[in-house]
1. Between LEU600 and LEU545, how high is the FRET efficiency from 1/(1 + (r/R0)^6) when r is the Cβ-Cβ distance and R₀ = 22 Å? Nearest 0.05.
2. Grab the Cα-Cα distance for SER377 and ILE475, subtract it from 0.36 nm times how many residues apart they are, and report the gain in nm with one decimal.
3. Hey, which of these cross-link pairs are over 29 Å Cα-Cα: LYS73/LYS155; LYS362/LYS503; LYS270/LYS503; LYS155/LYS395?
4. Using the Karplus curve 6.51 cos²θ - 1.76 cosθ + 1.60 with θ = phi - 60°, work out ³J(HN,Hα) for each residue of the range 270-284 in order, rounded to whole Hz, and write x for Gly and Pro.
5. Report the chymotrypsin sites (Phe, Trp or Tyr not before Pro) located in the range 432-475 that are in a DSSP loop and have at most 14 other Cβ atoms inside 10 Å of their Cβ, or state none.
6. Please calculate the 1.4 Å probe accessible area of ASP425, with all protein chains present, and give it to the nearest 10 Å².
7. Shape call for the range 327-373 from the C-alpha gyration tensor, a ≥ b ≥ c root eigenvalues: rounded (a/c under 1.5), prolate (a/b greater than b/c) or oblate?
8. Taking the simple approach of a point 7 Å from Cα along Cα-to-Cβ for both ALA538 and ILE323, what is their distance in nm?
Amino acid sequence: MTLASTTTIALSLLLLLPILSSATAEEEFSEELLLKPLPDRKVLAHFHFQTEAEHSFASDHHIFPKSISQLVKKFHIKAMELSFTQGRWNYERWGGLDPISSQNAKPPGVELWAVFDVPQHQVDVSWKNLTHSLSGLFCASINFLESSSTYSAPKWASQSALGSLRYGTLPREAVCTENLTPWLKLLPCRDKAGLSALLDRPSIYRSFYHSQRLHLTASTAPADELDSGIILEQTLTVVLQPNIQKTSLSFRDEFKIQPSWFLSSIFGRKVNGRCVLAKSSNVYLHLERDLVAQLEKLQKNTDAYADNGTGTDVLRRNLGFEISIAPDRVHRELEKSSSILYEYSIKEYNDTEQFDLGLTWKYPVVWSCPLAPLYASRFLIGSGNERGSIAISFKSTELTKGFNVANNVEEKYFVERMSVSPSEDKVSTGMMELVLRFPCEIKSAILNVEFDKGFLHIDEYPPDANQGFDIPSAIISFPDFHAGLQFFDDSISKSPMMSKLQKKSPVLSYTEVLLVPLTTPDFSMPYNVITITCTVFALYFGSLLNVLRRRVAEEERLLKANKVPFLRRVLNKLSSRFQGGSSESTQPKQPSSSFITPKLILKIILVAGFAVVWQFYLK
């Protein structure tokens with residue numbers, strides 16, 4: 001009996017091993033971190049986590065989060081993106097042409113867009129159910145986007161998803177740790193191991209800007225249209241301020257030296273190793289093109305540059321800064337003025353040997369980030385409670401100043417196409433889509449949109465109505481300009497994050513969120529009316545009941561009886577006892593008076609007349 005049971009257990013294990021191995025092969029997880037110094041003495045940290053599953057309709061997943069696969073299966077989602085952002089991306093200082101700022105810089109609050117694979121008449125129902133599910137999953141007020149007056153259906157944003165795309169934002173939504181914790185629970189190792197262990201809450205939420213993003217893509221397999229694969233991308237973009245550390249060297253322009261930093265100084269933690277379920281776990285340090293050009297100029301001004309070339313060996317021992325850990329590989333872009341990428345693999349690090357990358361600046365270096373073709377800003381014009389206008393200002397940057405313009409061509413900027421979806425009261429929001437074309441020599445332009453302010457129903461005002469109403473950020477796209485990095489080494493494209501950054505995509509930017517003050521009624525008036533009405537009715541019924549219940553003759557008799565001196569009343573009582581008579585016989589008899597008197601009738605008539613006038617004339 002013992003031998004038989006042992007044989008059965010061994011066979012069961014042999015049967016389970018192929019199943020586990022096949023399930024693991026169908027799912028992959030990777031974690032990556034990109035660090036980049038910014039010109040204004042700050043550091044950009046971009047976390048990228050990607051989870052893939054070949055079969056989205058599988059009954060069980062070992063790495064891929066089950067809650068996300070259930071959303072795809074239940075609501076038939078083809079693509080979805082959800083972001084929680086605190087702060088606003090500074091396009092003038094942090095750049096607007098690189099892939100990080102174009103793809104991961106999001107507007108403040110919550111932004112959600114989704115493409116559904118359902119008939120067009122079921123898209124709104126799927127959107128409503130999706131917002132409720134995401135609201136419970138991420139502990140946020142995303143369910144406020146269920147109303148048709150809070151979301152829109154852009155026409156030109158994606159021609160392939162025309163009619164199936166829905167977009168909505170909540171600019172006033174506050175972002176806190178209650179939103180970050182569910183986001184981390186979607187990771188296989190959560191924040192216990194790997195690069196996600198660096199996500200210290202105090203360090204993140206005291207940053208100048210942070211945006212957590214979830215991008216979901218479902219692809220249908222050509223062989224089997226019923227089954228599909230899912231790619232889940234989770235990114236967290238943070239702009240941090242390192243602690244300023246003085247260098248041992250003294251310069252006249254010491255204030256221009258970038259602050260030195262380590263991972264432990266900006267996040268308060270070190271990397272203890274990779275997540276055991278991660279296929280790849282890498283850290284990258286990116287130096288922008290202008291920074292590399294300034295460092296090369298610095299090298300040319302030193303004696304050491306005469307004997308060395310401009311290859312990667314010189315970049316490893318750069319004279320402008322020092323790196324605490326030597327990189328495993330160095331990548332350079334294809335262009336002449338290219339950027340540099342240092343690659344680190346953290347597979348070999350553990351608790352005894354922790355990964356703590358640091359950058360120490362030795363000389364002051366001034367550079368700038370690549371900007372978008374036009375810098376856009378939005379503001380309000382006008383005053384009063386009747387009319388107003390929204391103005392969008394476009395200013396040319398260094399990118400557009402280098403373009404050549406033919407003198408014989410007379411081209412004026414104009415609105416090439418325009419699509420306006422007017423808003424309907426309590427039904428849908430208004431949306432305007434424009435295609436603008438500007439000449440290259442333009443320096444600035446302003447687009448002005450006028451509007452009329454109206455009154456809302458008292459139930460439609462928010463609790464803080466006097467604060468105003470938020471208008472979401474406008475999305476500006478430059479289809480002729482693409483953001484992407486191109487490197488010599490093709491092996492770097494195997495990295496999920498680097499393949500995403502090398503993909504050419506149109507440059508996107510967001511404007512500011514506007515706060516429009518609308519005309520608000522005096523919400524204290526209903527209280528005043530209720531108070532006055534209740535006071536009048538209290539006086540009316542109180543006086544009426546007092547008159548009807550009052551006995552004038554009895555009150556007068558009691559009043560006169562109380563006026564008799566106390567000594568006289570005592571003597572009357574004593575004499576009545578001795579004489580055997582009643583004390584009441586000694587008191588004079590009061591003449592009887594009738595209950596209904598002319599005075600009482602006059603009061604009743606006056607009160608009734610006032611009530612009739614109030615009921616029929618004063619209301």
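1. Values: r = 13 Å, r/R0 = 0.61.
That gives a FRET efficiency of 0.95.
2. Result for the pair: 34.2 nm of gain on full extension.
3. Numbers: LYS73/LYS155 26 Å; LYS362/LYS503 34 Å; LYS270/LYS503 31 Å; LYS155/LYS395 27 Å.
Checking Cα-Cα distances, LYS362/LYS503; LYS270/LYS503 exceed 29 Å.
4. Whole-Hz 3J(HN,Hα) from phi for the range 270-284: 10, 8, 8, x, 8, 6, 5, 8, 7, 6, 9, 9, 10, 10, 10.
5. Filter output for the range 432-475: PHE455.
6. For ASP425, the solvent-accessible surface is approximately 120 Å².
7. Details: a/c = 2.78, a/b = 1.77, b/c = 1.58.
Here the range 327-373 falls in the prolate category.
8. 7.9
The values are calculated or read from the model by the stated rules, or taken from the named source; none is laboratory data. Small disclaimer: the values here were computed from a predicted structure and weren't measured. Quick reminder, even Gly has a Cβ in these numbers, built from the backbone with ideal geometry, and neighbours come from all protein chains shown. Just so you know, the surface numbers come from the protein's heavy atoms only, side chains and all, with ligands and any DNA or RNA stripped out. Shrake-Rupley method; radii C 1.70, N 1.55, O 1.52, S 1.80 Å.
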